[in-house]
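Novice: Structure in structure tokens, see below.
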Amino acid sequence: MKENKKKAKATPTKKASLSGAKRTRRIVIILVSVLVGIAVVLGAVLGIVAAVRRASHVMRLEDIGINEGVASYLSSVFKSMYMQNLASSGVSVSDTESFWNTKVFRENTYADYLEYETTQYIKQIIAANVIFDSYTTLKSADKSKIEQATNEILVYQSGGDKGAFNEATEAMGFDYKDFKKATEILYKAYMIKSRIFGDSGERMSSFPEELESFYSGYARVKLIFIRTQDTFVLDESGNRVQDSDGNDSLRALTAEEKSERAAYIERLDACIAGINDGTVAPEYYDSLAAEIYGKYKENIDTALTTGYYFMSGSKFTTEFSEAFSDVVKTSSSLGIGEAGVVEYGSIMADDGEDEKKQLEFVGRCYIYRVERESAAYEKEDKNGFFSDFSSLAATSVCQKMINDYAAKVEILDKWENINPVAIPYNTNYVAKF
């Protein structure tokens, strides 16, 4: 009897455990259902918010879009820059209807150009933000800079009163909220190059194909300079002698020296003509260059073999162009394997003294364009041809990326509400970083 009682007590215990497990599962199911329900509701709410936000956009690319207020702000800022550029080019500018309706080319007016350029500018700002977000994010330090910059304008222009700010900017079509958002996207556009490629392009090594593509824009030329009115004063070692100001000393050529240089010019003329028609080997040009440099020191010795590398906008090319702009232009116009010459002054005139006063160099520069060396920008650069190569490459690659993305920006129906001509130009409400 005792054993039966024990068995009878064991059965309810098992049922109790099963019942507890069922209750636990029901609780879990309920909790999961609640969480799913919250997620669905939250997702729906966020979806509605996102849809409302997207519906307010005047332009958009991927997840980046701007509303009318931000677009008005960017238009007001760009209008100011556009007017300044016109003024610097000699145009008498005024933000008036009569000025904007002035015809510039055929039937196009300044208003037409302003509207077109404003559209392109805002497209590029949006494109830059899409690229920025795909590579990086705003750090806390960035957010602090933006907050400080916008707050400074609020305090300086409106005494810290957002209501006063909004009242003052109403005519320009934006409020303080729009101003803050626009400042953030301008900051991203401003920071995109340094954030992706480094302050001086030092991270460009991560973009080898883009580097090589940019390098293809350089022109490599071998130059021979020959003076025909004066020459450098050389010391016993054949080095140039400098005057008290640190400049190379010059002296007039004798009649015999002029005759000797005239003979070299005949040989050089025949040489480049032969290179261009294929009857002279390029090595002859190199031998003439070495011979002339050995006698007159009228070149950079390290450039005899490497040649010169010219690229529009590079520091070296810009400085070289100050004295020899025609040499740079001719170098770029020549095809690889072609030769040319640039003449400065009446090179063999006996009365060249007056001309020497006008020109620092009287004579000729012979130019032979050759193939670029493989990755010359990675090698020792004694002459500074590539001193800013990485920075220039980063600027070029970054701009190309922006242009490619800008072409994909959608112009939406509400853009019709933006009238760049009617929006006043803005110089007072611009944050400084």
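The values are calculated or read from the model by the stated rules, or taken from the named source; none is laboratory data. Worth saying up front: this structure is predicted, and the values here are computed from it rather than measured. Note that each Cβ is placed from the backbone with ideal geometry, even for glycine, and that neighbours are counted across all protein chains shown. Heads up: the accessible areas ignore ligands, DNA and RNA and are worked out on the full protein's heavy atoms, side chains in. Shrake-Rupley method; radii C 1.70, N 1.55, O 1.52, S 1.80 Å.
Novice: Checking SER206 against (1) at pLDDT 95 or above; (2) among the small types (Gly, Ala, Ser); (3) open to solvent by 20 Å² or more (accessible area, probe 1.4 Å), only one condition comes out false. Which one?
Specialist: That leaves (1) as the condition not met.
Novice: On to the next question. Among (1) open to solvent by 50 Å² or more (accessible area, probe 1.4 Å); (2) farther than 30 Å from ASP381 by Cα, which single condition is LYS258 missing?
Specialist: Single failed check for LYS258: (1).
Novice: In region 132-182, what count of residues is obtained for those that are small (Gly, Ala, Ser) and surrounded by 13 or more Cβ atoms within 10 Å (Cβ to Cβ)?
Specialist: Number satisfying all stated conditions: 6.
A quick yes/no check of all residues on (1) open to solvent by 70 Å² or more (accessible area, probe 1.4 Å); (2) β-branched (Val, Ile, Thr); (3) under 21 Å from ASN85 (Cβ atoms):
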residue: PHE385; (1), (2), (3): no, no, no
residue: ASP388; (1), (2), (3): no, no, no
residue: LEU392; (1), (2), (3): no, no, no
residue: MET401; (1), (2), (3): no, no, no
residue: ASP404; (1), (2), (3): yes, no, no
residue: ALA407; (1), (2), (3): yes, no, no
residue: ILE411; (1), (2), (3): yes, yes, no
residue: PRO424; (1), (2), (3): no, no, yes
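Novice: Let me ask another. Hey, does region 107-119 have a residue that's more than 30 Å from SER206 (Cβ to Cβ), in a loop (DSSP other than H, G, I, E, B) and of a type in the set (Asp, Glu)?
Specialist: Within region 107-119, one or more residues are more than 30 Å from SER206 (Cβ to Cβ), in a loop (DSSP other than H, G, I, E, B) and of a type in the set (Asp, Glu).
Novice: Quick check on ASP199: is it surrounded by fewer than 20 Cβ atoms within 10 Å (Cβ to Cβ), within 30 Å of THR318 (Cα to Cα) and among the charged types (D, E, K, R)?
Specialist: Yes, satisfied.
Novice: Quickly run through region 261-316 and pick out the residues that are within 40 Å of the chain's Cα centre (by Cα), open to solvent by less than 60 Å² (accessible area, probe 1.4 Å) and among the charged types (D, E, K, R).
Specialist: ASP286, LYS297, GLU298 - these are the residues of region 261-316 that are within 40 Å of the chain's Cα centre (by Cα), open to solvent by less than 60 Å² (accessible area, probe 1.4 Å) and among the charged types (D, E, K, R).
Novice: Out of all the residues in region 79-135, which are among the basic types (Lys, Arg) and within 24 Å of GLU62 (Cβ to Cβ)? So that I can check it myself, show each step before the final result.
Specialist: From region 79-135, those among the basic types (Lys, Arg) are 79, 103, 106, 123; that's our starting set.
The one that is among the basic types (Lys, Arg) and within 24 Å of GLU62 (Cβ to Cβ): LYS123.
Novice: Here's something else I'd like to know. Out of region 287-308, which residues are out of contact with any strand residue (DSSP E or B) (no Cβ under 7 Å at 6 or more places or on another chain) and more than 19 Å from PHE232 (Cα to Cα)?
Specialist: Hits for region 287-308 are SER287, THR305, THR306.
Novice: List every residue pair whose Cβ atoms sit under 8 Å apart, with the two residues 6 or more apart in sequence or on different chains, where the first one lies in region 360-373 and is under 21 Å from THR231 (Cβ atoms) and part of a loop (DSSP other than H, G, I, E, B) and the second, anywhere, is open to solvent by 30 Å² or more (accessible area, probe 1.4 Å) and not acidic (Asp, Glu).
Specialist: Between residues of region 360-373 that are under 21 Å from THR231 (Cβ atoms) and part of a loop (DSSP other than H, G, I, E, B) and residues that are open to solvent by 30 Å² or more (accessible area, probe 1.4 Å) and not acidic (Asp, Glu), the close pairs are GLU360/ALA323; PHE361/ALA323; PHE361/PHE324; VAL362/SER346; VAL362/LYS356.
Novice: So is GLU97 of a type outside the set (A, V, I, L, M, F, W, C), open to solvent by 60 Å² or more (accessible area, probe 1.4 Å) and farther than 23 Å from TYR425 by Cα or not?
Specialist: no
Novice: Next up: For ASN247, indicate whether it is of a type outside the set (Lys, Arg), open to solvent by 20 Å² or more (accessible area, probe 1.4 Å) and under 13 Å from TYR366 (Cβ atoms).
Specialist: Numbers: of a type outside the set (Lys, Arg): yes; open to solvent by 20 Å² or more (accessible area, probe 1.4 Å): yes; under 13 Å from TYR366 (Cβ atoms): no.
Against the criterion (of a type outside the set (Lys, Arg), open to solvent by 20 Å² or more (accessible area, probe 1.4 Å) and under 13 Å from TYR366 (Cβ atoms)), ASN247 does not qualify.
Novice: Please go through region 77-94 and give me each residue that is under 29 Å from LYS181 (Cβ atoms) and either open to solvent by 90 Å² or more (accessible area, probe 1.4 Å) or not β-branched (Val, Ile, Thr) (or both), ordered by number.
Specialist: Scanning region 77-94 gives PHE78, LYS79, SER80, MET81, TYR82, MET83, GLN84, ASN85, LEU86.
Novice: Let me ask another. Taking region 59-104 only, how many residues are part of a strand (DSSP E or B) and over 24 Å from the mean Cα position of the chain (by Cα)?
Specialist: Kept after step one, since they are part of a strand (DSSP E or B), are these residues of region 59-104: 59-61, 64-67, 103-104.
Of the ones still in play, those that are also over 24 Å from the mean Cα position of the chain (by Cα) are 67, 103-104.
Residues that pass the stated criteria total 3.
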